[in-house]
Amino acid sequence: MARCPECRENLTIDGIGHARGCSRRRGRARLSPAQAEEQREERRLQEMAQREREAERRRQIVASTRAALLDTAPVTSSSRSALDDVAYNIHNAYDWQGRADQCVTAVVRKSNGRYVVFAQRFMTVMEEYGSRHYADHQLSFKPGGGAHLHAEMYAVLHYLQRGKHPGREIERIGVSKPICPLCRAVLIHLGIRFTEGWVTTEPSTHWSDPWSLLPATCKPPVNPWRKDADPDEDAGGDGGGLHGTSIRV
């Protein structure tokens, strides 16, 4: 049987009648409008204080998690190259909350010996981790490249936009997770070295080729590396690019 929330007595079928005659309600003083408003304001302030305490608790959790990740020593894997390990560890310096595979980070070793980081989503903690654990690499970080342009293709696009041949700029590329078949085909086409054992056979459902993001006059032919069975429709156009005069090599 239901109970009265005021006096905890059992309610009869006529619950409304009981509420009107509840002993506790009869003894309660009626508040003036000003007093009622004062009570509401007090409750509002209490709720605000509670929310601030909860927010501070969450901030402390984030800070402690960040500190722990920064202190985590780099890990290696027999299926990855040393450069893949760098990309993997930098990428996972951020707490992705179980969604680390939803974006990618790539690290390129240029022909001049410099290292550059291209991430789909750049987080400042990545740079902190790199300076702490890979100081000898003197890593240079680029802004986030976006969701659908894979980090490997973001690196390729970076040099295409500057009129440079990616294959002559990039000696080797390391990636935080296995390379998809389309990225692998492009890297082979450009002559960029990567780890063959760090490649997946699963097709990518969302993929953009870097040439599709260039002006139409700078798009090289994509037939040498694109196949009819590719699941995406973002083919680059014909034109100069790497095989003409639009891209300076």
- [ ] Give me the accessible area per residue for the range 24-97, probe 1.4 Å, as a whole number in Å².
- [x] 75 Å²
TODO: For the range 36-44, just list the computed ³J(HN,Hα) in residue order, Karplus coefficients 6.51, -1.76 and 1.60, θ = phi - 60°, integers in Hz, with x standing in for Gly and Pro.
DONE: 4, 5, 5, 5, 4, 5, 4, 5, 4
- [ ] Would you check the accessible area of THR205, probe 1.4 Å, heavy atoms only, in square angstrom rounded to 10?
- [x] 120 Å²
Task: FRET efficiency estimate (nearest 0.05) - Cβ-Cβ, SER111 to GLU52, R0 30 angstrom - done: 0.05
Task: Rg and Dmax [Cα atoms of the range 56-125; Å; Rg one decimal, Dmax integer] - done: 13.7, 47
Task: Magnitude of the charge dipole, the range 59-216, Cβ model with Lys/Arg +1 and Asp/Glu -1, debye to 20 - done: 340 debye
Task: Amide proton proximity set for ALA119, modelled H, under 5 Å, gap of 5+ - done: ALA106, LYS142, GLY145
Task: Label-point separation, THR201 to HIS148 (7 Å along Cα→Cβ), nm - done: 2.8 nm
- [ ] Report the dimensions of the range 53-204 along its three principal axes from the alpha-carbon atoms, largest first, rounded to Å.
- [x] 55, 34, 32
- [ ] For every other residue with a beta carbon closer than 14 angstrom to the beta carbon of THR200, add +1 if it is Lys or Arg and -1 if Asp or Glu, then tell me the sum.
- [x] -2
- [ ] Return the loop-located chymotrypsin sites (Phe, Trp or Tyr not before Pro) in the range 41-96 (DSSP other than H, G, I, E, B) with at most 15 other Cβ atoms within 10 Å of their own Cβ; answer none if there are none.
- [x] TRP96
Open item on the list: Can you give me the distance in nm between label points at GLU38 and ILE188, each placed 7 Å from the Cα along the Cα-to-Cβ direction?
Closed with: 8.1 nm
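The values are calculated or read from the model by the stated rules, or taken from the named source; none is laboratory data. Remember, predicted model here, so these are calculated numbers, not experimental data. Virtual Cβ from ideal backbone geometry, glycine too; neighbours counted across all protein chains shown. Just the protein is used for accessible areas: all its heavy atoms, side chains included, with ligands, DNA and RNA removed. Shrake-Rupley method; radii C 1.70, N 1.55, O 1.52, S 1.80 Å.
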